[in-house]
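Below you'll find the structure, written out as structure tokens, and then a few comments.
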Amino acid sequence: MSTPALATKSLSPLESRGGAVPSVLARMRASTAAVMEDDRARRARAEEIAAYAGRRVAVTGAVRRPVVFMWDDRVTVLDAIAIARGPRPGASRAVVLRHTPEGVREIHVPLDHESTVALSPGDEVRVLAA
């Protein structure tokens with residue numbers, strides 16, 4: 001009767017001396033994978049924040065509650081002021097600060113029901129008192 005052959009594994013020099021290399025290497029690989037996954041998640045979040053920052057609209061000045069919100073292509077200056085809970089007493093006009101490749105452009109808007117100036121991503125609406 002013959003004895004079954006035992007499967008043998010070749011050992012590295014550290015393993016042959018009793019080192020715990022496989023478990024250390026496994027932990028290092030797992031740790032590296034976790035760090036890489038965290039880095040990917042951070043980069044994705046940074047891209048989301050950058051996209052949000054470019055699409056925001058801010059309403060400041062003589063409004064009841066200054067606000068920053070996500071731009072929508074249907075929002076006008078008056079809509080934005082309404083989102084900020086309306087103008088404070090004495091508010092007479094608004095200035096839209098629009099950032100363009102040439103610089104900042106000012107668009108003066110009267111606060112009447114006829115104003116239909118549409119907003120663009122990144123605009124800032126400043127409501128001014130008389």
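Values as computed for the structure displayed
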quantity	calculated
Every residue from segment 80-98 that is in a strand (DSSP E or B) and in contact (Cβ under 8 Å) with a residue 40 or more places away in the chain	P87
When residues of segment 69-118 are limited to those that are more than 21 Å from R55 (Cα to Cα) and of a type in the set (D, E), the one surrounded by the fewest Cβ atoms within 10 Å (Cβ to Cβ)	E114
Residue in segment 45-62 that is of a type in the set (K, R), on the phi < 0 side of the Ramachandran plot, part of a helix (DSSP H, G or I) and surrounded by 10 or more Cβ atoms within 10 Å (Cβ to Cβ) present	yes
Selection from segment 99-130 of residues that are free of Cβ contacts under 8 Å to residues at least 60 places away in the same chain, within 16 Å of V68 (Cβ to Cβ) and in a strand (DSSP E or B)	H99
Some residue of segment 60-79 being free of Cβ contacts under 8 Å to residues at least 12 places away in the same chain and hydrophobic (A, V, I, L, M, F, W, C)	no
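Bear in mind these aren't lab numbers, they're just calculated from the coordinates by the rules spelled out. None of the values given here were measured: they were computed from a predicted structure. When we count neighbours, we look across all protein chains shown, and the Cβ atoms used for this are built from the backbone with ideal geometry, even at glycine.
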